[in-house]
Amino acid sequence: MSIAQKLTTIAENIPKVYEAGKAAGGDNYYDEFWDEVQNNGKTFNYNYAFAGSSWNDKTFKPKYDILVEFNQGYLMFQNSNITDLEKALGDKKLDVSMAGSSVFNGAAKMVTIPEVTATQGINSWFRGCGSLQTIRKITLPEILIGTPFYNSFMGCSKLTNITFEGVIGVNISFDASPLLSAESIDNIINCLKDLTGGTAQTLTFHATVGSNLTDTQKATITAKNWTLVY
């Protein structure tokens, strides 16, 4: 068994411990469980932390803010059954700004994701999120290096609502998302960096979205020195 498989198995067993404690009727099962899971609020390594089908909207009720340290959010929610992450978090903060790649990768049941900040980009963040409909907001810094949007939305066939704040400066693709709202499309186009005089980058939409773009939208994309593909 690989290290990744072992970590996933451990993550899948944690909610079972939670349910066992609850069934036993202990008055402090919630505090004891989450103090252990989140190390009394001092946990910063969340690799595979909520991976596995036992995590759902009922079992995922963190006691502390989730603050992920540098590159320690890999596959945090892979194969979980959490649907509305925004609601499940309650009043707790989710800070994945430094988490690295693949944070929500494989969270196939997730429908809603709250506002997030991504200082390193969103490389494979939402890959395989086939039920995802809404991402409240993704805040980006102006300068991102490498390929910060590589496979970010692969398999996001139901993605409808997405808002960016900041600058999209390199290749980005929504080729799997035919349902993008008009507001989302306008937001994406408005956030494209003006690359006039620089190296052109590529914006890819699903064929359905591309065929419905207005001449004005196409002209705006081209004027910013972006290549439109659909």
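The values are calculated or read from the model by the stated rules, or taken from the named source; none is laboratory data. It should be emphasised that the depicted structure is a prediction, and the values quoted were computed from it without experimental measurement. Ideal geometry is used to build each Cβ from the backbone, glycine not excepted, and the neighbour counts take in all protein chains shown. Just the protein is used for accessible areas: all its heavy atoms, side chains included, with ligands, DNA and RNA removed. Shrake-Rupley method; radii C 1.70, N 1.55, O 1.52, S 1.80 Å.
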Go through the stretch 141-188 residue by residue and tally those that are of a type in the set (Ser, Thr, Tyr) and under 20 Å from Gln217 (Cβ atoms). 6
So Ser173 fits all but one of (1) open to solvent by 20 Å² or more (accessible area, probe 1.4 Å); (2) in a loop (DSSP other than H, G, I, E, B); what number is the exception? (2)
Restricting to the stretch 134-163, name every residue that is of a type in the set (A, V, I, L, M, F, W, C) and either open to solvent by less than 40 Å² (accessible area, probe 1.4 Å) or in a strand (DSSP E or B) (or both). Ile135, Ile138, Leu140, Leu144, Phe149, Phe153, Cys156, Leu159, Ile162
Quick check, is Thr196 exposed (fewer than 15 other Cβ atoms within 10 Å of the Cβ), in contact (Cβ under 8 Å) with a residue 24 or more places away in the chain and either of a type in the set (Gly, Ala, Ser) or part of a loop (DSSP other than H, G, I, E, B) (or both)? yes
Output the number of the condition that Asn212 fails; it satisfies all remaining conditions of (1) open to solvent by less than 40 Å² (accessible area, probe 1.4 Å); (2) over 19 Å from Ile113 (Cα atoms). (1)
Given (1) in a loop (DSSP other than H, G, I, E, B); (2) open to solvent by less than 20 Å² (accessible area, probe 1.4 Å), number of the condition Gln72 does not satisfy: (2)
Would it be correct to say that Arg127 is in a loop (DSSP other than H, G, I, E, B), among the charged types (D, E, K, R) and under 12 Å from the mean Cα position of the chain (by Cα)? yes
Out of (1) touching a Phe, Trp or Tyr at 6+ places or on another chain (Cβ under 9 Å); (2) open to solvent by less than 20 Å² (accessible area, probe 1.4 Å), the odd one out for Lys92 is which? (2)
Suppose the filter is surrounded by fewer than 14 Cβ atoms within 10 Å (Cβ to Cβ), outside any helix (DSSP H, G or I) and of a type in the set (Lys, Arg); does Lys58 pass it? yes
Give all pairs with beta carbons closer than 8 Å in which a residue from the stretch 85-113 that is among the acidic types (Asp, Glu) meets a residue that is outside any loop (DSSP other than H, G, I, E, B) and modelled with pLDDT of 95 or more; count only pairs at least 6 apart in sequence or on separate chains. Glu86/Thr112; Glu86/Ile113; Glu86/Arg136; Asp95/Ile66; Asp95/Leu67; Asp95/Thr117
(1) surrounded by fewer than 17 Cβ atoms within 10 Å (Cβ to Cβ); (2) under 22 Å from the mean Cα position of the chain (by Cα) all hold for Leu180 apart from (1)
Find all pairs meeting these conditions: Cβ atoms under 7 angstrom apart; at least six residues apart or on different chains; first residue within the stretch 214-230 and at positive phi; second residue open to solvent by less than 50 Å² (accessible area, probe 1.4 Å) and assigned to a loop (DSSP other than H, G, I, E, B). Asn225/Leu195; Asn225/Gly198; Asn225/Ala200
